[in-house]
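> Here's a structure for you.
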Amino acid sequence: MNDTLPLATPLEDASDSDPLDDIEEASTRSFDLALHQSVYRFGRLYSVIHRDQHPWPIDELEQDRLEEQSILLCELFRGRLFLAPIESPRSVLDIKTGTGCWAIECADRHPASTVCGVDLVKMQHEWVPPNCEFFIDDICQPGWHTHYKDMEFIHISQIHGDRQLLSLLLEGSYSCCIPGGWVEICDMSVQLEESGENSPFHGFFRDIATAYARDGRQLNPPLHFGTELAQHGFVNVTAHSYLIPLCTEGCDQLMRGIVRNWAAGLEAYSLALMEKHLGKGYLETILLCASAREALRKGIKGVLQIQVVYGQKPGFN
Ligand SMILES: C[S@@+](CC[C@H](N)C(=O)[O-])C[C@H]1O[C@@H](n2cnc3c(N)ncnc32)[C@H](O)[C@@H]1O
């Protein structure tokens, strides 16, 4: 799908005992830029230099899953790419653009707009519409926003529970947004009805919550997006919440697809953080994910909450 994916040397073995933390030993066959360095761990491809900021795979498997998720969410939003009340923004910034699929679609739909996608990792498509451009940039760096000016619409998706990053993002977005411009955040979280229950899914969920917390992340920041936007000076803050039952029996194809796509990412969400913070090896985590998915398939009470929140920069007439 993506021919810009960096070259890397696979480690021989992705078993429990793999000394996977030893990045030097991974002897990455990189291009000239560190940006391209990647390493196989747990049979998945990870960025080398950004593994603390982004401890999730960047391989084709994950890229395909994220692209499918983007299509499913667009369908959920009735064909809209964003919900903020702006028809055709002239300048758009897509932060944490990933493969850039959202930015490309936005550029195709709005040929008179200029669309920029920003990401830490180089994994964007090479063939892009003329009004779309990608930049490799670290939005954790102070002043990141100075490269992007006069944006009418800023799109942010998937904060991965990092509230500090969210704050930096909103500070920067406020600066590079024009008065009257909009910022929109889209993310998802799981809300369980009986969180104390003992199913393999609940057990997995408690483990991943602990691993995320030890990594300085929270699983429920989507619920705070409105407050965060208001605290950063945005007005007309509006939240839309879509609740997709985790038990998809009787649900339509779209809802089933969204839950299945999310569940297909359990390994991606958990492998690195479960090892780093809970000492769980590859096989243990793979088995936990498989059992959690099986329990989910049989029916878990709760919802996958998809939260879209937008706010406007004041100062317009
Ligand atoms: C879940 S993925 C992107 C999903 C994408 N928006 C989509 O809808 O397909 C999250 C992205 O955030 C990027 N990222 C993480 N930390 C970042 C940072 N500090 N600066 C820029 N991008 C970052 C990662 O490289 C990754 O591509």
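> Go through region 166-181 and report how many residues are in contact (Cβ under 8 Å) with a residue 40 or more places away in the chain and within 12 Å of the ligand (Cβ to nearest atom).
Total meeting the criteria: 2.
> Residues that are hydrophobic (A, V, I, L, M, F, W, C), within 9 Å of the ligand (Cβ to nearest atom) and under 20 Å from PHE135 (Cβ atoms): does region 67-75 have at least one?
The answer is no, given that none of the residues of region 67-75 is hydrophobic (A, V, I, L, M, F, W, C), within 9 Å of the ligand (Cβ to nearest atom) and under 20 Å from PHE135 (Cβ atoms).
> Additional query: Give me the residue from region 94-153 that is among the aliphatic types (A, V, I, L, M) and part of a strand (DSSP E or B) and, out of that set, farthest from the ligand (Cβ to nearest atom).
Selected residue: MET151.
> Hey, ASP187 hits all of (1) closer than 14 Å to GLY233 by Cβ; (2) under 21 Å from the mean Cα position of the chain (by Cα); (3) not hydroxyl-bearing (Ser, Thr, Tyr) but one; which does it fall short on?
If we test ASP187 against (1) closer than 14 Å to GLY233 by Cβ; (2) under 21 Å from the mean Cα position of the chain (by Cα); (3) not hydroxyl-bearing (Ser, Thr, Tyr), just (1) comes out false.
> Kindly check whether there is at least one residue in region 179-202 that is part of a strand (DSSP E or B) and acidic (Asp, Glu).
Taking region 179-202 and keeping what is part of a strand (DSSP E or B), we get 179-192.
Narrowing further to those that are acidic (Asp, Glu): 184, 187.
Scanning region 179-202 turns up at least one residue that is part of a strand (DSSP E or B) and acidic (Asp, Glu).
> Related question: In the set LEU243, LEU219, LEU271, which member is part of a loop (DSSP other than H, G, I, E, B), touching a residue at least 12 places away in the same chain (Cβ under 8 Å), in contact with a strand residue (DSSP E or B) (Cβ under 8 Å, 6 or more places away or on another chain) and not acidic (Asp, Glu)?
Only one candidate qualifies: LEU219.
> Ok, one more. Which numbered condition in (1) surrounded by 19 or more Cβ atoms within 10 Å (Cβ to Cβ); (2) under 17 Å from the mean Cα position of the chain (by Cα) is the only one that ILE136 fails?
(1)
> Right, another one. Answer yes if at least one residue in region 23-30 is crowded, with 19+ Cβ neighbours inside 10 Å, modelled with pLDDT under 90, among the hydroxyl-bearing types (Ser, Thr, Tyr) and more than 22 Å from GLU152 (Cβ to Cβ), and no otherwise.
Yes; the residues of region 23-30 include at least one that is crowded, with 19+ Cβ neighbours inside 10 Å, modelled with pLDDT under 90, among the hydroxyl-bearing types (Ser, Thr, Tyr) and more than 22 Å from GLU152 (Cβ to Cβ).
> Filter region 246-263 down to the residues that are surrounded by 17 or more Cβ atoms within 10 Å (Cβ to Cβ) and outside any helix (DSSP H, G or I) and list them by number.
Answer for region 246-263, where residues must be surrounded by 17 or more Cβ atoms within 10 Å (Cβ to Cβ) and outside any helix (DSSP H, G or I): LEU246, THR248.
The values are calculated or read from the model by the stated rules, or taken from the named source; none is laboratory data. None of these values were measured; they are calculated from a predicted model. All Cβ positions, glycine included, derive from the backbone under ideal geometry; neighbour counts span all protein chains shown.
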